[in-house]
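Here is the structure we will look at, set down as structure tokens.
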Amino acid sequence: MTTMRAMATDRVGPGAVLRPHTLPVKAPADGEVLIRVMAAAVNPADLGMLAGNYRWYDELRLPLVPGYDVAGVVEGGDWEAGAAVIASTGHSRTQVGGFAEYVTLPVAQVAAAPANLDWTEAATLPLAGLTAYQALDLLGLAAGSTLLVNGPRGAVGRFATELAVARGITVLTPDPGEAPAADSAGGPASGSADAALDVVGGPRARAAFAAVHDGGSYVTTVPEFWVPGGQFTADRGIEPRIVRAEPDGRTLDRLARAAEAGHLTATVAKTLALTDAADALDLLQAGGVRGKLVLLP
């Protein structure tokens, strides 16, 4: 194949519209893998990308194909042909988007797909899983510690909860009704948690910060709440830190194996055709989606 279908935009910011494009398929160079995309998950970061609120390492190249998460079949490059794999596209570095029939990515961003998940489930794992895993690494909590997760029903919050429980960490939630796992507990008293992971922002971020004891740890996935002069600064011996998921095939492999062991739960809310990518983003923007929206080329 030399060309592929993709959903792309010719501009970002106001007026950005996804529409079908026919684009060239990039042949894999040394150290790269060509993947036929079987499923691509939709993420809030895709909304920010189209809105123009995103920063790339290199000058933006148009047309832009969104999409961070893919599950598919290897068709060439430095991986066994026919293998089932998952990958984070690492869009800020590669400008490769998953809303397409094919992606060509560095082999270091690819991992074998979990054998117990179907394509749609496997596609939900990379970005949210990497964010959760790397957030826990930043927090550095030991077994027996307590961690508040203020959005445990979202993909990052759910994965973080499940990974933390597997590490022997007690997960607290602001509202007991939100607890996604039997090992989770209700909300902590102010200043009693060892650490907090904010995946929501806004007032719930402030409440999560207040729940951490003096000298504890705090990590957020919502960086707009932590810009200089923003809502939060270091206080009570707590230094707020931001987690930005970095594509890492080795960590992704650990996540895939955790899914095979039953430690991670993939939740798909709805599947849509690749050509319905704009509708998927509208659904995500409207809110209330429980689980991931996944595109099928």
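Before moving on, here are some points about what is shown:
- Selection within segment 260-293 - assigned to a helix (DSSP H, G or I) and in contact with a helix residue (DSSP H, G or I) (Cβ under 8 Å, 6 or more places away or on another chain): Leu281, Leu284, Gln285
- Selection within segment 136-159: residues that are more than 21 Å from Gly191 (Cβ to Cβ) and of a type in the set (A, V, I, L, M, F, W, C). The member of this set that is surrounded by the most Cβ atoms within 10 Å (Cβ to Cβ) is Phe159.
- Of all residues in segment 12-39, those that are assigned to a loop (DSSP other than H, G, I, E, B) and either modelled with pLDDT of 95 or more or loosely packed, with under 12 Cβ neighbours inside 10 Å (or both) total 12.
- Among the numbered conditions (1) among the aliphatic types (A, V, I, L, M); (2) in contact (Cβ under 8 Å) with a residue 40 or more places away in the chain; (3) farther than 20 Å from Ala208 by Cα, the only one that Ala143 does not meet is (2).
- Count of segment 40-62 residues which are surrounded by 14 or more Cβ atoms within 10 Å (Cβ to Cβ) and closer than 19 Å to Val156 by Cβ: 11
- Any chance Arg241 is of a type outside the set (Asp, Glu) and either at positive phi or at pLDDT 95 or above (or both): no
- Residue count for segment 49-78 satisfying the condition of being in contact with a helix residue (DSSP H, G or I) (Cβ under 6 Å, 6 or more places away or on another chain), more than 16 Å from His21 (Cβ to Cβ) and in contact (Cβ under 8 Å) with a residue 40 or more places away in the chain: 5.
- Of the residues making up segment 280-296, those that are out of contact with any Lys or Arg (no Cβ under 7 Å at 6 or more places or on another chain), in contact (Cβ under 8 Å) with a residue 24 or more places away in the chain and at negative phi number 8.
- Residues that are among the hydrophobic types (A, V, I, L, M, F, W, C) and surrounded by 15 or more Cβ atoms within 10 Å (Cβ to Cβ), drawn from segment 279-296: Ala280, Leu281, Leu283, Leu284, Val289, Leu293, Val294, Leu295, Leu296
The values are calculated or read from the model by the stated rules, or taken from the named source; none is laboratory data. If you're wondering where the values come from, they're calculated on a predicted model, not measured in any experiment. Cβ: placed from backbone, ideal geometry, glycine included. Neighbour counts: every protein chain shown.
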